[in-house]
Amino acid sequence: MTRTRNIRPRRPLLAGTTAVAAMAVTAGLVAATAEPAKAAAGPKLSLIAATTSITLTSWKEEPGVYLDLGTYLTAEGTPLELKVTRKSYKDPVTITQTVYEGGKAKAKVLPKGTVKDFSGLRDFAEITVTDKAGKKVLSRSEDFCPNNASGRVRPDAPATSKYPESCPTNPFTLGSVWGVEKGWAANTYAGSYTEPVMLAAGTYTAKVGVAKKYRDLFGITNKPATIKVTVQERSYEDEQSATGPASRSSASGEHAGHGAAHQAPTAHTGHGSGHAPTPAQAAAPVTSGAGPSYNVGHGPLKAAPPTLPWALKKQQAARSMRVGDTGGQTDGSRKAPALQPLSKRPAGKPSVPDVPKPDLRSLPAYGIVVSDGEKDIPGKDYLAFSANVWNAGPAQLVVDGFRSPGKAKMDAYQYFYDAKGKQVGYTPTGTMEWDPRPGHMHWHFTDFASYRLLKANKKEAVRSGKEAFCLANTDAIDYTVKNANWHPFNTDLSTACGAENSISVREVLDVGSGDTYSQDLPGQSFDITDVPNGTYYIQVLANPEKRLKETSVDNNSALRKIVLGGKPGKRTVTVPAHDLVNKN
């Protein structure tokens with residue numbers, strides 16, 4: 001199964017210490033009690049513009065302008081910190097704000113309906129555009145993700161932001177934390193989750209303000225920003241004929257996301273030649289959240305580039321920039337070193353100590369479609385879907401694979417750590433195998449999860465051929481659980497899955513994050529060619545052989561009801577709502 005993710009920047013941490021560090025970050029929030037705070041102090045928020053004028057490009061081949069106008073929300077005094085949760089899929093999403101009273105964190109309950117999902121504050125920014133004659137030509141609103149990676153607005157601000165770098169859009173997200181660090185600014189542009197607007201070449205004036213309900217809610221002064229906008233029309237062909245193929249490539253990249261918004265940079269295309277398909281070859285669902293992930297080849301739905309494309313502009317132009325806060329490069333555009341496995345396989349007697357362990361849980365399947373295997377196998381019908389297994393903690397899942405010389409498989413071991421991050425035990429937990437197929441080309445940990453199509457009576461009808469996985473923190477499922485790590489390392493496969501000549505591999509699933517795999521290849525998705533029409537359930541089952549040691553194995557299965565119909569070659573699937581989640 002093809003998956004491509006970008007490497008997110010993080011300072012190196014030893015396995016087992018990440019959760020401890022994250023606990024310190026979240027302690028104030030976890031300890032907060034949900035009660036109204038009349039005298040509690042919140043942050044001072046302001047809307048600012050980075051520039052008074054900007055030039056936007058409209059390409060003749062694909063007309064439309066993305067309104068990345070360079071407006072930001074800044075926080076001073078205290079951070080803007082929001083906790084977004086739902087008790088279950090039967091309950092609506094609720095939101096609280098962390099405020100401070102006497103230096104202590106309090107949770108202020110915000111009005112019902114403030115949020116509907118976990119993607120951000122709906123209709124936060126209000127934009128109007130007028131032409132040279134003063135005639136209004138556009139009026140629209142933009143959603144705002146406070147986690148938009150941006151940067152500091154003053155030199156004495158915290159060097160890094162403690163908040164996650166994007167807002168999750170997985171339909172089965174359970175909890176999220178949003179925030180703008182004090183002394184920092186977050187772009188109000190909705191990035192890949194917005195649509196381009198049609199503006200002819202010329203000059204315009206744009207005004208960007210904060211919607212009144214949010215000004216009242218957070219005490220934001222009504223001071224819209226004004227930006228002069230110049231729209232220029234350009235052509236791919238003109239660019240190529242003027243300066244050659246190299247420029248054409250550059251122009252395409254710029255269009256693709258104003259500097260990498262809609263296409264992953266070359267540095268992020270995976271492990272080997274041909275690993276990363278283009279969005280046209282393999283589209284992807286909007287399921288990111290652990291980081292600004294590109295998700296190319298991540299599933300059968302529409303591709304989802306990062307929420308903040310502008311944060312990666314400098315990276316595409318100068319990939320060799322050193323890690324750290326430098327001009328044009330903030331934490332949203334760094335690259336992280338890989339998590340390193342131990343140098344040798346463990347010695348001594350295996351043991352499973354009485355310390356915190358991971359808790360693997362499955363999410364219901366989503367992104368469910370019927371396909372024909374991309375016409376690779378005529379006469380076949382396949383049921384494709386995306387599935388996620390996540391770690392509810394309170395400890396990381398850490399698995400190392402060690403290879404004996406000449407052996408085709410690695411021996412896998414699960415490691416355990418005490419509260420100080422010290423390794424205190426390990427146990428054998430199966431194997432890892434090298435998958436040489438195009439689109440894979442990495443080491444898979446066997447028996448991490450299995451997928452089954454169950455009949456209406458819950459008896460197995462079909463089993464997917466996919467049961468081996470490379471673990472990566474692709475989705476932020478619940479960053480409100482104990483020890484959740486808001487900055488997981490291996491959000492990209494190239495940090496975790498190794499190469500064919502690897503002697504050892506480390507794969508980690510962090511607390512609060514999940515790993516999404518789409519079943520979009522023949523042999524992995526369900527072959528429903530000979531499956532009768534009717535009601536079925538897609539089962540996602542974590543740790544099917546119970547080889548991994550967990551907090552609990554009673555929550556490892558999730559079911560999603562579907563109804564198959566149609567005729568051979570034209571099969572259909574209907575996906576009923578799962579409680580309040582009405583997305584297939």
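The values are calculated or read from the model by the stated rules, or taken from the named source; none is laboratory data. Note that the structure is predicted; figures quoted are calculated from it, not measured. Virtual Cβ from ideal backbone geometry, glycine too; neighbours counted across all protein chains shown. For the accessible areas, the whole protein counts, side chains as well, though only heavy atoms, and no ligand, DNA or RNA atoms are used. Shrake-Rupley method; radii C 1.70, N 1.55, O 1.52, S 1.80 Å.
Close amide H contacts of VAL153 (hydrogens built in the peptide plane, cut-off under 5 Å, sequence separation of 5 or more or a different chain): TRP184, ALA185.
Nearest 0.05, what FRET efficiency do ILE48 and GLU195 give at R0 = 22 Å with Cβ-Cβ as r? Computed FRET efficiency for ILE48 and GLU195 comes out at 0.35. Once backbone amide H atoms are built at 1.01 Å from N, ALA449 has ASN543 as its partners under 5 Å, excluding neighbours fewer than 5 places away on the same chain.
Here segment 541-564 and segment 63-90 have alpha carbon centers that stand 33 Å from each other. Across segment 111-117, rounded Karplus estimates of 3J(HN,Hα) from the backbone phi angles (6.51 cos²θ - 1.76 cosθ + 1.60, θ = phi - 60°) give x, 4, x, 4, 10, 10, 8 Hz, Gly and Pro being marked x. Structure shown: which of LYS422/LYS549; LYS87/LYS420; LYS182/LYS482; LYS87/LYS212; LYS112/LYS182; LYS90/LYS162 lie over 21 Å apart, alpha-carbon to alpha-carbon? Beyond 21 Å between Cα atoms: LYS87/LYS420; LYS182/LYS482; LYS87/LYS212; LYS112/LYS182; LYS90/LYS162. With a cut-off of 12 Å between beta carbons, the residues surrounding ARG154 carry a summed charge of -1, where Lys and Arg count +1 and Asp and Glu -1. In the assembled protein chains, THR194 presents an accessible area of approximately 10 Å² (probe radius 1.4 Å). Derived scalar couplings between HN and Hα for segment 443-452 equal 7, 10, 7, 7, 6, 6, 7, 9, 10, 9 Hz in order, rounded to whole Hz, by the Karplus curve 6.51 cos²θ - 1.76 cosθ + 1.60 (θ = phi - 60°), x for Gly and Pro. Residues whose amide H falls under 5 Å from that of GLU101, counting only those 5 or more places apart or on a different chain, are ALA41, LYS106, with hydrogens built in the peptide plane. Set the bar at 29 Å for Cα to Cα. Now go through LYS83/LYS228; LYS458/LYS570; LYS409/LYS546; LYS409/LYS458 and name every pair that lies beyond it. Over 29 Å Cα-Cα: LYS83/LYS228; LYS409/LYS458.
Applying the Karplus relation 6.51 cos²θ - 1.76 cosθ + 1.60 with θ = phi - 60° to segment 55-63 yields 3J(HN,Hα) values of 10, 10, 10, 10, 8, 4, 5, 9, x Hz, where x marks Gly and Pro.
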